[in-house]
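What follows draws every value from the coordinates through simple rules; no lab data is involved. Note that the structure is a prediction, hence the values are computed from the model and not measured. No Cβ is skipped: glycine too gets one built from the backbone with ideal geometry, and neighbour counts run over all protein chains shown.
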Amino acid sequence: MLEVGNIAPDFTLADKDGNPVSLSDFRGKKAVVYFYPKDNTPGCTRQACAFAAAYGEFLQKNVAVIGISKDSVASHAKFAEKYSLPFVLLSDPERQAIEAYGVWQEKKRYGKVRMGVARTTFLIDEEGCIVKIMPKVKPDTNAAEILAEL
């Protein structure tokens, strides 16, 4: 399991336009990397819209915002267009980053146990070091909590 102080695992994943994006592309600036279960679900939509609403503040602080889920590039493109999401959305269907960050976890819902993405946010500094890990974040307040941390 990753801990504060660890170097964040690098990854290269396709963005909503199919272009490769690596975490290392953001060296020299802070990055918020948030993992979420699925595009167009109520909680994930509220979380994405909260980041979109606060995006100007993240830009002023020179902080990149990166959302990652197992959804396809096409799904991300529709999700970003539908909600005018200005930040990077990355597709991880093979769970490369999801597993590297330890967010592929057992989840219980309605008495059933299954594997899924645990909603988790990482704050990474300019050198690629994890400075904050926020597990089980609330979709509506996650962006504000990160801004308060900055």
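Using the Cβ-Cβ distance between E149 and N40 with R0 = 22 Å, the FRET efficiency computed as 1/(1 + (r/R0)^6) comes to roughly 0.20.
Taken as Cα centroids, segment 3-40 and segment 73-122 sit 12 Å apart, rounded to the nearest whole angstrom. Give the cross-link partners of K132 among the lysines, using a straight C-alpha distance below 16 Å as the criterion and excluding same-chain residues fewer than 8 apart. Within the straight-line limit of under 16 Å, K132 reaches these lysines: K29, K30. Distance between the pseudo-spin-label points of D125 and S72 (7 Å out from Cα toward the beta carbon): 4.1 nm. Sort all Cα-Cα distances of segment 27-149 into consecutive 5 angstrom bins from zero, then give the percent of pairs in each bin up to the one containing the longest distance. Percent of pairs per bin, in order: 2, 11, 22, 25, 21, 13, 4, 1, 0.
How much mean residue ellipticity at 222 nm does the chain get from its helices, if each DSSP H run of length 4 or more adds -39500 (n - 2.57) and you divide by all residues, to the nearest 500 deg cm²/dmol?
Numbers: 5 runs with 42 residues, N = 150.
Mean residue ellipticity, 222 nm, calculated: -7500 deg cm²/dmol.
Listed by chain and number, the lysines placed with their C-alpha closer than 23 angstrom to that of K108 are K38, K70, K136, K138; residues fewer than eight positions away on the same chain are left out. Compared with the alpha-carbon gap, the fully stretched path from Q105 to N19 is longer by 28.2 nm at 0.36 nm per residue. Beta bridges from DSSP with both residues in the chain: antiparallel share about 70 percent, rounded to the nearest 5.
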